[in-house]
Amino acid sequence: MKITFAKPEIPSKGIVVVTVNVGNKLSSSAKTLDVKTGGALSRAIGASRFEGKKAQTLNIVAPERTKLDLIMIVGLGKPTDITNIEMQNLGGRIYAATKQGKNGAVSIVLDTVAGSKMKSNEMAAEIGYGAKLRSYSFNKYKTQIKADQKVAIKAVKITCDNFASARKVFDKLSKIADGVFFTRDLVSEPPNILYPETLAKEAKTLEKLGIKVQILGESQMRKMGMGALLGVGQGSIRESKLVVMQWNGGSKSKSKSSQPIAFVGKGVTFDTGGISIKPSAGMEDMKWDMGGSAVVIGLMKALAGRKANVNAVGVVGLVENMPDGNAQRPGDIVTSMSGQTIEVLNTDAEGRLVLADALYYTNDKFKPKFMVNLATLTGAIIVSLGSHHAGLFSNNDQLSDRLTQAGLDVEERLWRLPISDDYDKMIDSQVADMQNIGGRGAGSITAAQFLHRFVGKTPWAHLDIAGVTWSKSDKPTIPKGGTAFGVRLLDKLVENYYEG
Ligand code: BES
Ligand code: MN
Ligand code: ZN
(Lines give C-alpha, C1' and ligand atoms only; values in the text may rest on other atoms or scores of the structure.)
(Ligands and ions follow the chains in the order given, each with its own letter.)
Protein backbone atom coordinates (compact mmCIF):
# COMPACT_ATOMS: atom_id res chain seq x y z
CA MET A 1 0.00 0.00 0.00
CA LYS A 2 1.24 3.43 -0.97
CA ILE A 3 1.07 6.56 1.13
CA THR A 4 1.38 9.81 -0.80
CA PHE A 5 1.25 13.51 0.02
CA ALA A 6 -0.22 16.26 -2.15
CA LYS A 7 -1.59 19.78 -2.05
CA PRO A 8 -5.00 20.38 -0.48
CA GLU A 9 -7.78 19.32 -2.79
CA ILE A 10 -11.12 17.63 -2.32
CA PRO A 11 -11.23 14.59 -4.60
CA SER A 12 -14.23 13.84 -6.78
CA LYS A 13 -14.07 10.04 -6.44
CA GLY A 14 -13.33 7.35 -3.88
CA ILE A 15 -13.25 7.85 -0.14
CA VAL A 16 -12.60 11.23 1.40
CA VAL A 17 -11.76 11.83 5.05
CA VAL A 18 -12.26 15.26 6.60
CA THR A 19 -11.77 16.49 10.13
CA VAL A 20 -13.97 18.15 12.70
CA ASN A 21 -12.98 19.54 16.07
CA VAL A 22 -14.82 19.13 19.32
CA GLY A 23 -18.03 21.18 19.37
CA ASN A 24 -18.48 20.14 15.73
CA LYS A 25 -16.19 22.78 14.34
CA LEU A 26 -15.77 21.78 10.72
CA SER A 27 -12.34 22.25 9.18
CA SER A 28 -12.28 24.57 6.17
CA SER A 29 -12.18 21.58 3.79
CA ALA A 30 -15.07 19.98 5.65
CA LYS A 31 -17.02 23.22 5.20
CA THR A 32 -16.29 23.25 1.48
CA LEU A 33 -17.47 19.68 1.20
CA ASP A 34 -20.56 20.49 3.23
CA VAL A 35 -21.49 23.20 0.75
CA LYS A 36 -20.76 20.92 -2.22
CA THR A 37 -23.06 18.23 -0.85
CA GLY A 38 -25.90 20.57 -0.04
CA GLY A 39 -25.24 20.35 3.68
CA ALA A 40 -24.87 16.57 3.95
CA LEU A 41 -22.15 16.85 6.59
CA SER A 42 -23.99 19.21 8.90
CA ARG A 43 -27.18 17.17 8.57
CA ALA A 44 -25.38 13.90 9.32
CA ILE A 45 -23.69 15.48 12.32
CA GLY A 46 -26.97 16.94 13.50
CA ALA A 47 -28.64 13.54 13.29
CA SER A 48 -26.07 11.71 15.39
CA ARG A 49 -24.20 11.72 18.67
CA PHE A 50 -21.01 12.71 16.87
CA GLU A 51 -19.42 15.66 18.62
CA GLY A 52 -15.98 15.87 17.03
CA LYS A 53 -14.30 14.21 20.01
CA LYS A 54 -11.04 12.40 19.38
CA ALA A 55 -11.51 8.82 18.10
CA GLN A 56 -15.11 9.54 17.01
CA THR A 57 -16.02 8.94 13.39
CA LEU A 58 -19.13 9.40 11.29
CA ASN A 59 -19.67 7.93 7.84
CA ILE A 60 -21.79 9.31 5.04
CA VAL A 61 -22.08 6.65 2.38
CA ALA A 62 -22.47 7.58 -1.29
CA PRO A 63 -23.47 11.19 -0.66
CA GLU A 64 -25.77 12.82 -3.21
CA ARG A 65 -24.46 15.35 -5.78
CA THR A 66 -21.04 13.71 -5.72
CA LYS A 67 -19.36 10.64 -7.18
CA LEU A 68 -17.77 9.90 -3.82
CA ASP A 69 -18.10 6.45 -2.26
CA LEU A 70 -17.86 7.68 1.26
CA ILE A 71 -17.28 10.77 3.33
CA MET A 72 -15.70 9.86 6.62
CA ILE A 73 -15.79 12.60 9.23
CA VAL A 74 -13.20 12.12 11.95
CA GLY A 75 -13.07 13.90 15.27
CA LEU A 76 -9.83 15.60 16.30
CA GLY A 77 -11.07 16.54 19.76
CA LYS A 78 -9.70 19.71 21.31
CA PRO A 79 -6.82 21.50 19.58
CA THR A 80 -4.61 20.29 22.44
CA ASP A 81 -5.60 16.68 21.65
CA ILE A 82 -3.71 17.00 18.38
CA THR A 83 -0.46 15.30 19.34
CA ASN A 84 1.95 13.12 17.38
CA ILE A 85 0.72 9.95 18.98
CA GLU A 86 -2.97 10.86 18.58
CA MET A 87 -2.39 11.58 14.91
CA GLN A 88 -0.68 8.19 14.50
CA ASN A 89 -3.64 6.53 16.15
CA LEU A 90 -5.99 8.46 13.89
CA GLY A 91 -4.08 7.32 10.81
CA GLY A 92 -4.28 3.73 12.01
CA ARG A 93 -8.02 3.98 12.62
CA ILE A 94 -8.68 5.57 9.25
CA TYR A 95 -6.68 2.85 7.54
CA ALA A 96 -8.59 0.07 9.32
CA ALA A 97 -11.96 1.66 8.59
CA THR A 98 -11.34 2.28 4.90
CA LYS A 99 -9.11 -0.58 3.79
CA GLN A 100 -12.01 -2.43 2.19
CA GLY A 101 -13.02 0.54 -0.01
CA LYS A 102 -13.47 -1.01 -3.40
CA ASN A 103 -12.39 1.85 -5.62
CA GLY A 104 -8.90 1.76 -4.33
CA ALA A 105 -8.34 5.33 -3.20
CA VAL A 106 -8.59 7.13 0.11
CA SER A 107 -7.90 10.85 0.46
CA ILE A 108 -7.38 12.43 3.85
CA VAL A 109 -7.85 16.18 3.60
CA LEU A 110 -6.14 18.13 6.38
CA ASP A 111 -6.26 21.74 7.50
CA THR A 112 -4.29 23.36 10.28
CA VAL A 113 -6.44 23.73 13.38
CA ALA A 114 -6.41 27.07 15.20
CA GLY A 115 -4.89 26.70 18.66
CA SER A 116 -3.06 23.46 17.86
CA LYS A 117 0.72 23.06 18.16
CA MET A 118 0.85 20.92 15.05
CA LYS A 119 0.58 22.24 11.52
CA SER A 120 -1.37 20.26 8.94
CA ASN A 121 1.83 18.98 7.30
CA GLU A 122 3.07 17.65 10.65
CA MET A 123 -0.28 16.01 11.26
CA ALA A 124 -0.11 14.51 7.77
CA ALA A 125 3.25 12.82 8.37
CA GLU A 126 2.08 11.25 11.63
CA ILE A 127 -1.24 10.13 10.15
CA GLY A 128 0.66 8.51 7.29
CA TYR A 129 2.99 6.79 9.77
CA GLY A 130 0.05 5.48 11.79
CA ALA A 131 -1.67 4.20 8.65
CA LYS A 132 1.50 2.42 7.61
CA LEU A 133 1.98 0.83 11.04
CA ARG A 134 -1.60 -0.46 10.98
CA SER A 135 -1.29 -1.82 7.44
CA TYR A 136 1.11 -4.58 8.53
CA SER A 137 0.07 -8.15 7.89
CA PHE A 138 1.81 -11.50 8.03
CA ASN A 139 0.32 -13.93 5.57
CA LYS A 140 3.24 -15.45 3.80
CA TYR A 141 2.08 -18.94 4.75
CA LYS A 142 -1.48 -18.54 3.49
CA THR A 143 -1.83 -20.10 0.07
CA GLN A 144 -5.38 -18.82 -0.21
CA ILE A 145 -6.74 -15.52 0.99
CA LYS A 146 -10.47 -14.96 0.77
CA ALA A 147 -11.55 -11.93 -1.26
CA ASP A 148 -13.13 -10.26 1.75
CA GLN A 149 -9.87 -10.54 3.70
CA LYS A 150 -7.85 -8.78 1.06
CA VAL A 151 -7.08 -5.13 1.46
CA ALA A 152 -8.86 -3.29 -1.35
CA ILE A 153 -7.34 0.16 -1.14
CA LYS A 154 -4.10 0.65 -3.03
CA ALA A 155 -3.17 4.11 -1.85
CA VAL A 156 -3.77 6.61 0.88
CA LYS A 157 -3.34 10.18 -0.24
CA ILE A 158 -2.93 12.82 2.42
CA THR A 159 -3.35 16.42 1.40
CA CYS A 160 -2.08 19.47 3.28
CA ASP A 161 -0.14 22.69 2.85
CA ASN A 162 3.62 22.15 2.67
CA PHE A 163 3.08 18.59 1.54
CA ALA A 164 6.72 18.21 0.49
CA SER A 165 7.85 18.66 4.08
CA ALA A 166 5.18 16.19 5.21
CA ARG A 167 6.63 13.65 2.82
CA LYS A 168 10.12 14.27 4.13
CA VAL A 169 9.12 13.70 7.75
CA PHE A 170 7.09 10.66 6.74
CA ASP A 171 10.07 9.14 4.92
CA LYS A 172 12.05 9.21 8.16
CA LEU A 173 9.20 7.78 10.22
CA SER A 174 8.78 5.16 7.55
CA LYS A 175 12.27 3.85 8.33
CA ILE A 176 11.19 3.26 11.90
CA ALA A 177 8.13 1.43 10.60
CA ASP A 178 10.45 -0.74 8.50
CA GLY A 179 12.24 -1.74 11.70
CA VAL A 180 8.90 -2.43 13.39
CA PHE A 181 7.79 -4.59 10.46
CA PHE A 182 11.02 -6.57 10.51
CA THR A 183 10.50 -7.30 14.22
CA ARG A 184 6.86 -8.27 13.65
CA ASP A 185 7.88 -10.61 10.83
CA LEU A 186 10.50 -12.29 13.01
CA VAL A 187 8.20 -12.92 15.98
CA SER A 188 5.48 -14.23 13.64
CA GLU A 189 7.66 -16.83 11.92
CA PRO A 190 7.07 -20.41 13.07
CA PRO A 191 9.78 -22.14 15.10
CA ASN A 192 10.54 -24.80 12.47
CA ILE A 193 11.56 -22.01 10.09
CA LEU A 194 13.08 -19.56 12.53
CA TYR A 195 15.75 -21.02 14.78
CA PRO A 196 19.11 -19.68 15.93
CA GLU A 197 20.91 -20.15 12.64
CA THR A 198 18.12 -18.74 10.45
CA LEU A 199 17.42 -15.88 12.85
CA ALA A 200 21.12 -15.01 12.74
CA LYS A 201 20.91 -15.03 8.93
CA GLU A 202 18.02 -12.57 9.11
CA ALA A 203 20.16 -10.29 11.26
CA LYS A 204 22.96 -10.61 8.73
CA THR A 205 20.74 -8.98 6.08
CA LEU A 206 21.20 -5.70 7.97
CA GLU A 207 24.69 -5.47 6.52
CA LYS A 208 23.22 -3.88 3.43
CA LEU A 209 22.21 -0.90 5.60
CA GLY A 210 25.80 -0.41 6.78
CA ILE A 211 25.52 -2.39 10.01
CA LYS A 212 28.45 -4.61 10.93
CA VAL A 213 27.11 -8.06 11.77
CA GLN A 214 29.14 -10.80 13.41
CA ILE A 215 27.77 -14.28 14.11
CA LEU A 216 29.44 -16.39 16.78
CA GLY A 217 28.84 -20.16 16.97
CA GLU A 218 29.10 -22.63 19.82
CA SER A 219 32.83 -23.26 19.59
CA GLN A 220 33.61 -19.56 19.80
CA MET A 221 31.22 -19.14 22.72
CA ARG A 222 32.77 -22.14 24.46
CA LYS A 223 36.20 -20.54 24.15
CA MET A 224 34.84 -17.43 25.82
CA GLY A 225 33.36 -19.53 28.62
CA MET A 226 29.67 -18.86 27.98
CA GLY A 227 28.53 -21.91 29.95
CA ALA A 228 25.20 -20.37 30.96
CA LEU A 229 23.99 -19.68 27.43
CA LEU A 230 25.40 -22.92 26.03
CA GLY A 231 23.73 -25.01 28.74
CA VAL A 232 20.31 -23.84 27.57
CA GLY A 233 20.95 -24.78 23.95
CA GLN A 234 22.60 -28.13 24.60
CA GLY A 235 19.37 -30.13 24.31
CA SER A 236 18.66 -28.78 20.84
CA ILE A 237 19.95 -30.11 17.54
CA ARG A 238 20.07 -26.48 16.40
CA GLU A 239 23.36 -24.74 17.07
CA SER A 240 23.19 -21.78 19.45
CA LYS A 241 24.37 -18.43 18.11
CA LEU A 242 25.36 -15.04 19.41
CA VAL A 243 24.87 -12.16 16.99
CA VAL A 244 26.67 -8.86 17.42
CA MET A 245 25.45 -5.88 15.40
CA GLN A 246 27.20 -2.51 15.30
CA TRP A 247 25.84 0.73 13.90
CA ASN A 248 28.50 3.43 13.93
CA GLY A 249 26.53 6.49 12.91
CA GLY A 250 27.92 8.67 15.69
CA SER A 251 31.21 10.20 16.77
CA LYS A 252 34.34 8.46 15.50
CA SER A 253 36.72 9.95 18.06
CA LYS A 254 38.35 7.76 20.70
CA SER A 255 36.93 9.87 23.50
CA LYS A 256 34.05 9.05 25.84
CA SER A 257 31.52 10.57 23.46
CA SER A 258 32.05 7.74 20.99
CA GLN A 259 31.36 5.09 23.64
CA PRO A 260 28.45 3.06 22.24
CA ILE A 261 25.07 2.45 23.77
CA ALA A 262 24.04 -1.19 23.88
CA PHE A 263 20.88 -3.23 23.48
CA VAL A 264 20.74 -6.91 24.37
CA GLY A 265 17.95 -9.32 23.51
CA LYS A 266 16.72 -12.73 24.65
CA GLY A 267 16.35 -14.91 21.60
CA VAL A 268 14.87 -18.24 22.64
CA THR A 269 13.51 -19.35 19.27
CA PHE A 270 11.34 -21.92 21.04
CA ASP A 271 10.92 -22.46 24.76
CA THR A 272 9.55 -25.88 25.64
CA GLY A 273 10.82 -25.36 29.19
CA GLY A 274 13.43 -28.07 28.62
CA ILE A 275 13.40 -30.93 31.14
CA SER A 276 11.25 -28.71 33.41
CA ILE A 277 8.81 -28.99 30.53
CA LYS A 278 5.86 -26.65 30.09
CA PRO A 279 2.24 -27.83 29.84
CA SER A 280 1.22 -28.38 26.21
CA ALA A 281 -1.74 -25.96 26.18
CA GLY A 282 -0.53 -22.67 24.78
CA MET A 283 3.03 -23.84 24.27
CA GLU A 284 2.85 -22.59 20.66
CA ASP A 285 3.13 -19.07 22.09
CA MET A 286 6.72 -19.87 22.95
CA LYS A 287 7.68 -19.29 19.33
CA TRP A 288 7.78 -15.62 20.26
CA ASP A 289 10.16 -16.17 23.16
CA MET A 290 12.73 -14.61 20.85
CA GLY A 291 10.78 -11.33 20.99
CA GLY A 292 13.54 -9.44 22.82
CA SER A 293 16.09 -10.34 20.16
CA ALA A 294 13.64 -9.38 17.40
CA VAL A 295 13.22 -5.95 18.96
CA VAL A 296 16.98 -5.43 19.11
CA ILE A 297 17.32 -6.48 15.46
CA GLY A 298 14.39 -4.28 14.34
CA LEU A 299 15.74 -1.37 16.36
CA MET A 300 19.14 -1.65 14.65
CA LYS A 301 17.32 -1.63 11.31
CA ALA A 302 15.39 1.50 12.30
CA LEU A 303 18.51 3.32 13.55
CA ALA A 304 20.51 2.49 10.45
CA GLY A 305 17.54 3.15 8.17
CA ARG A 306 17.14 6.68 9.44
CA LYS A 307 20.92 7.09 9.75
CA ALA A 308 20.78 7.89 13.43
CA ASN A 309 23.69 9.95 14.71
CA VAL A 310 24.72 7.44 17.35
CA ASN A 311 27.03 4.50 17.97
CA ALA A 312 24.85 1.55 18.94
CA VAL A 313 25.58 -2.10 19.57
CA GLY A 314 22.95 -4.83 19.45
CA VAL A 315 23.70 -8.26 20.91
CA VAL A 316 21.28 -11.18 20.79
CA GLY A 317 21.66 -14.62 22.36
CA LEU A 318 19.91 -17.21 20.20
CA VAL A 319 19.07 -20.67 21.52
CA GLU A 320 16.35 -23.28 21.38
CA ASN A 321 15.28 -24.73 24.76
CA MET A 322 14.45 -28.42 24.21
CA PRO A 323 14.15 -31.56 26.33
CA ASP A 324 16.53 -34.24 25.09
CA GLY A 325 18.98 -36.93 26.19
CA ASN A 326 21.64 -34.27 26.13
CA ALA A 327 19.56 -31.51 27.69
CA GLN A 328 20.53 -29.64 30.82
CA ARG A 329 19.06 -31.14 34.02
CA PRO A 330 17.55 -29.44 37.07
CA GLY A 331 20.44 -29.44 39.52
CA ASP A 332 23.19 -28.88 36.96
CA ILE A 333 25.77 -26.26 37.85
CA VAL A 334 27.12 -24.17 34.98
CA THR A 335 29.89 -21.59 34.88
CA SER A 336 29.06 -18.30 33.16
CA MET A 337 31.48 -16.16 31.18
CA SER A 338 31.75 -13.86 34.21
CA GLY A 339 33.17 -16.78 36.19
CA GLN A 340 30.16 -16.92 38.49
CA THR A 341 28.56 -20.35 38.89
CA ILE A 342 24.85 -21.00 38.59
CA GLU A 343 22.77 -23.86 39.95
CA VAL A 344 20.06 -24.51 37.37
CA LEU A 345 17.09 -25.46 39.52
CA ASN A 346 14.53 -24.98 36.75
CA THR A 347 15.45 -25.41 33.10
CA ASP A 348 12.43 -23.26 32.18
CA ALA A 349 14.07 -20.20 33.73
CA GLU A 350 16.38 -20.17 30.70
CA GLY A 351 16.13 -16.61 29.43
CA ARG A 352 18.16 -15.23 32.32
CA LEU A 353 20.90 -17.82 31.63
CA VAL A 354 21.14 -16.68 28.03
CA LEU A 355 21.15 -13.01 29.02
CA ALA A 356 23.73 -13.53 31.78
CA ASP A 357 26.40 -14.32 29.20
CA ALA A 358 25.09 -11.90 26.55
CA LEU A 359 25.09 -9.00 29.03
CA TYR A 360 28.48 -9.85 30.48
CA TYR A 361 29.97 -10.17 27.00
CA THR A 362 28.49 -6.86 25.84
CA ASN A 363 29.75 -5.00 28.88
CA ASP A 364 33.20 -6.58 28.76
CA LYS A 365 33.73 -6.11 25.03
CA PHE A 366 32.17 -2.69 24.35
CA LYS A 367 32.26 -0.83 27.71
CA PRO A 368 28.98 0.82 26.73
CA LYS A 369 27.49 4.03 28.19
CA PHE A 370 24.54 1.92 29.24
CA MET A 371 22.86 -1.40 28.45
CA VAL A 372 19.17 -2.00 27.95
CA ASN A 373 18.08 -5.61 27.65
CA LEU A 374 14.70 -6.85 26.47
CA ALA A 375 13.25 -10.25 27.22
CA THR A 376 10.00 -12.17 27.37
CA LEU A 377 11.40 -13.23 30.70
CA THR A 378 8.62 -14.12 33.13
CA GLY A 379 4.99 -15.16 33.21
CA ALA A 380 4.87 -13.29 36.54
CA ILE A 381 5.13 -9.91 34.79
CA ILE A 382 1.86 -10.72 33.01
CA VAL A 383 0.29 -11.35 36.40
CA SER A 384 1.54 -7.97 37.69
CA LEU A 385 1.07 -5.69 34.71
CA GLY A 386 -1.05 -7.50 32.13
CA SER A 387 -0.48 -6.18 28.64
CA HIS A 388 -0.65 -2.40 29.13
CA HIS A 389 2.80 -1.84 30.59
CA ALA A 390 6.09 -3.68 30.27
CA GLY A 391 8.14 -4.18 33.44
CA LEU A 392 11.15 -1.94 33.94
CA PHE A 393 14.01 -2.76 36.30
CA SER A 394 17.11 -0.64 36.58
CA ASN A 395 20.17 0.21 38.64
CA ASN A 396 20.12 3.80 37.34
CA ASP A 397 17.43 6.42 37.94
CA GLN A 398 18.38 8.63 35.00
CA LEU A 399 18.24 5.78 32.49
CA SER A 400 15.02 4.56 34.06
CA ASP A 401 13.39 8.01 33.86
CA ARG A 402 14.48 8.48 30.26
CA LEU A 403 13.07 5.12 29.26
CA THR A 404 9.81 5.88 31.05
CA GLN A 405 9.49 9.21 29.24
CA ALA A 406 10.28 7.70 25.84
CA GLY A 407 7.62 5.07 26.57
CA LEU A 408 5.03 7.75 27.24
CA ASP A 409 6.04 9.58 24.05
CA VAL A 410 5.34 6.56 21.83
CA GLU A 411 2.63 4.88 23.95
CA GLU A 412 4.79 1.89 24.78
CA ARG A 413 4.45 2.29 28.49
CA LEU A 414 6.84 1.03 31.16
CA TRP A 415 6.28 0.56 34.86
CA ARG A 416 9.26 0.40 37.17
CA LEU A 417 9.49 -2.33 39.77
CA PRO A 418 12.07 -2.46 42.55
CA ILE A 419 15.35 -4.27 42.85
CA SER A 420 17.21 -4.46 46.16
CA ASP A 421 19.63 -6.50 48.26
CA ASP A 422 16.74 -8.28 49.96
CA TYR A 423 15.43 -9.61 46.67
CA ASP A 424 18.98 -10.35 45.57
CA LYS A 425 19.46 -12.73 48.52
CA MET A 426 16.54 -14.81 47.26
CA ILE A 427 18.72 -16.25 44.49
CA ASP A 428 21.68 -17.23 46.65
CA SER A 429 22.38 -20.96 46.25
CA GLN A 430 23.61 -23.48 48.81
CA VAL A 431 26.06 -25.03 46.39
CA ALA A 432 26.88 -22.41 43.75
CA ASP A 433 27.18 -18.62 43.55
CA MET A 434 23.51 -18.36 42.68
CA GLN A 435 20.50 -20.35 41.59
CA ASN A 436 18.37 -19.53 38.57
CA ILE A 437 15.06 -19.19 40.40
CA GLY A 438 13.99 -17.43 43.60
CA GLY A 439 11.34 -18.50 46.06
CA ARG A 440 7.59 -18.35 45.64
CA GLY A 441 6.97 -14.63 45.31
CA ALA A 442 8.36 -11.75 43.23
CA GLY A 443 9.20 -13.93 40.23
CA SER A 444 9.85 -11.01 37.89
CA ILE A 445 12.05 -9.25 40.41
CA THR A 446 14.22 -12.24 41.23
CA ALA A 447 14.71 -12.71 37.48
CA ALA A 448 15.86 -9.08 37.29
CA GLN A 449 18.18 -9.58 40.29
CA PHE A 450 19.74 -12.47 38.45
CA LEU A 451 20.52 -10.29 35.41
CA HIS A 452 21.78 -7.54 37.72
CA ARG A 453 24.62 -9.84 38.83
CA PHE A 454 26.08 -9.73 35.31
CA VAL A 455 26.12 -6.02 34.48
CA GLY A 456 28.80 -4.73 36.86
CA LYS A 457 28.49 -1.01 37.57
CA THR A 458 27.30 -0.08 34.09
CA PRO A 459 23.96 1.76 33.97
CA TRP A 460 21.51 -0.94 32.98
CA ALA A 461 17.81 -1.48 32.48
CA HIS A 462 15.87 -4.66 31.91
CA LEU A 463 12.52 -4.57 30.11
CA ASP A 464 10.37 -7.63 30.78
CA ILE A 465 8.18 -7.65 27.66
CA ALA A 466 6.41 -11.01 28.15
CA GLY A 467 3.00 -9.30 28.42
CA VAL A 468 3.33 -6.88 25.51
CA THR A 469 5.14 -8.77 22.75
CA TRP A 470 2.05 -10.41 21.29
CA SER A 471 -1.39 -8.81 21.12
CA LYS A 472 -4.64 -10.73 20.97
CA SER A 473 -6.61 -7.71 19.74
CA ASP A 474 -6.19 -4.91 17.23
CA LYS A 475 -4.92 -1.54 18.44
CA PRO A 476 -4.99 1.64 16.31
CA THR A 477 -1.44 1.23 15.02
CA ILE A 478 -0.90 -2.43 15.93
CA PRO A 479 -2.82 -5.21 14.23
CA LYS A 480 -3.21 -8.27 16.45
CA GLY A 481 -0.13 -10.49 16.53
CA GLY A 482 3.47 -9.44 17.04
CA THR A 483 3.57 -5.86 18.32
CA ALA A 484 7.29 -5.00 18.08
CA PHE A 485 6.86 -3.26 21.45
CA GLY A 486 10.22 -1.70 22.21
CA VAL A 487 11.38 -0.69 18.75
CA ARG A 488 9.66 2.68 18.74
CA LEU A 489 10.38 3.17 22.43
CA LEU A 490 14.13 2.66 22.11
CA ASP A 491 14.33 4.58 18.86
CA LYS A 492 12.70 7.47 20.75
CA LEU A 493 15.14 7.05 23.66
CA VAL A 494 18.01 7.41 21.20
CA GLU A 495 16.44 10.38 19.44
CA ASN A 496 15.56 12.22 22.66
CA TYR A 497 18.82 11.77 24.54
CA TYR A 498 21.71 10.17 22.65
CA GLU A 499 21.98 11.73 19.21
CA GLY A 500 24.23 14.56 18.13
N1 BES B 1 9.52 -17.54 28.25
C2 BES B 1 9.04 -17.74 29.57
C3 BES B 1 8.21 -16.58 30.10
C4 BES B 1 6.92 -16.31 29.38
C5 BES B 1 5.75 -16.84 29.85
C6 BES B 1 6.89 -15.47 28.29
C7 BES B 1 4.56 -16.57 29.20
C8 BES B 1 5.71 -15.19 27.65
C9 BES B 1 4.53 -15.73 28.10
C10 BES B 1 10.22 -17.98 30.51
O11 BES B 1 11.31 -18.61 29.95
C12 BES B 1 9.73 -18.86 31.60
O13 BES B 1 9.40 -19.96 31.32
N14 BES B 1 9.70 -18.34 32.81
C15 BES B 1 9.25 -19.07 33.94
C16 BES B 1 10.17 -18.80 35.09
C17 BES B 1 9.97 -19.71 36.26
C18 BES B 1 10.38 -21.13 35.91
C19 BES B 1 10.79 -19.20 37.40
C20 BES B 1 7.84 -18.62 34.26
O21 BES B 1 7.54 -17.42 34.11
O22 BES B 1 7.02 -19.46 34.60
MN1 MN C 1 11.17 -20.70 30.02
ZN1 ZN D 1 11.55 -18.37 27.92
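Summary of values
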| read-out | value |
| --- | --- |
| Unique match (being more than 20 Å from A484 (Cβ to Cβ) and more than 16 Å from ligand 2 (Cβ to nearest atom)) among G227, G298, G233 | G227 |
| Near pairs, Cβ below 9 angstrom, 6+ apart or cross-chain, from the range 77-92 (in contact (Cβ under 8 Å) with a residue 24 or more places away in the chain) to any residue that is of a type in the set (S, T, Y) and surrounded by fewer than 23 Cβ atoms within 10 Å (Cβ to Cβ) | K78/S116; P79/S116; T80/S116; D81/S116; I82/S116; G92/S135 |
| Residues of the range 187-212 satisfying the condition of being assigned to a loop (DSSP other than H, G, I, E, B) and under 21 Å from the mean Cα position of the chain (by Cα) | E189, P190, P191, L194, Y195, I211 |
| Those residues of the range 406-435 which are part of a loop (DSSP other than H, G, I, E, B) and out of contact with any Asp or Glu (no Cβ under 7 Å at 6 or more places or on another chain), in sequence order | E411, E412, R413, L417, P418, I419, S420, M426, I427, D428, Q430, D433 |
| Check on K254, of a type outside the set (S, T, N, Q), more than 19 Å from R306 (Cα to Cα) and modelled with pLDDT under 95 | yes |
| Residue in the range 382-399 that is touching a strand residue (DSSP E or B) at 6+ places or on another chain (Cβ under 9 Å), surrounded by fewer than 18 Cβ atoms within 10 Å (Cβ to Cβ) and among the charged types (D, E, K, R) present | no |
| Residue within the range 5-12 that is under 19 Å from Y95 (Cβ atoms) and of a type in the set (A, V, I, L, M) present | yes |
| Evaluation of N311 against (1) away from ligand 2 (no atom under 16 Å from the Cβ); (2) among the polar types (S, T, N, Q); (3) surrounded by fewer than 17 Cβ atoms within 10 Å (Cβ to Cβ) (one fails), failing number | (3) |
| Strands (runs of 3 or more DSSP E) fully within the range 285-353 counting 1 or more residues that are touching a Leu at 6+ places or on another chain (Cβ under 9 Å) and either under 23 Å from P196 (Cα atoms) or without any contact (Cβ under 8 Å) to a residue 60 or more places away in the chain (or both) | 311-321, 333-335 |
| From I277, I297, I333, residue being modelled with pLDDT of 95 or more, within 16 Å of ligand 3 (Cβ to nearest atom) and either in the same structural domain as K212 (by TED's automatic domain parsing) or crowded, with 23+ Cβ neighbours inside 10 Å (or both) | I277 |
| Of residues in the range 363-405 being in a helix (DSSP H, G or I), under 19 Å from the mean Cα position of the chain (by Cα) and among the hydroxyl-bearing types (S, T, Y), the one nearest to L353 (Cα to Cα) | S400 |
| Residues within the range 147-198 that are under 22 Å from V109 (Cβ atoms) and among the aromatic types (F, W, Y), tallied | 2 |
| One residue from F270, F263 being assigned by TED's automatic domain parsing to the domain that holds L229 and within 12 Å of ligand 1 (Cβ to nearest atom) | F270 |
| Residue match in the range 213-229 (condition: without any contact (Cβ under 8 Å) to a residue 40 or more places away in the chain, under 13 Å from M300 (Cβ atoms) and not in a helix (DSSP H, G or I)) | yes |
| Evaluation of L345 against (1) surrounded by fewer than 24 Cβ atoms within 10 Å (Cβ to Cβ); (2) within 21 Å of the chain's Cα centre (by Cα) (one fails), failing number | (2) |
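Conditions tested, residue by residue: (1) more than 20 Å from K492 (Cα to Cα); (2) surrounded by 19 or more Cβ atoms within 10 Å (Cβ to Cβ).
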site	(1), (2)
I82	no, yes
N89	no, yes
R93	yes, yes
A97	yes, no
Q100	yes, no
N103	yes, no
D111	yes, yes
G115	yes, no
S120	yes, yes
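Matching residues to (1) more than 16 Å from V410 (Cβ to Cβ); (2) β-branched (V, I, T):
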{"position": "R93", "(1), (2)": "yes, no"}
{"position": "K99", "(1), (2)": "yes, no"}
{"position": "V109", "(1), (2)": "yes, yes"}
{"position": "K117", "(1), (2)": "yes, no"}
{"position": "S120", "(1), (2)": "yes, no"}
{"position": "G130", "(1), (2)": "no, no"}
{"position": "L133", "(1), (2)": "no, no"}
{"position": "F138", "(1), (2)": "yes, no"}
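The values are calculated or read from the model by the stated rules, or taken from the named source; none is laboratory data. Just so we're clear, the structure is a prediction, and the values are computed from it rather than from any experiment. Cβ sites come from the backbone with ideal geometry, for glycine too, and all protein chains shown count toward neighbours.
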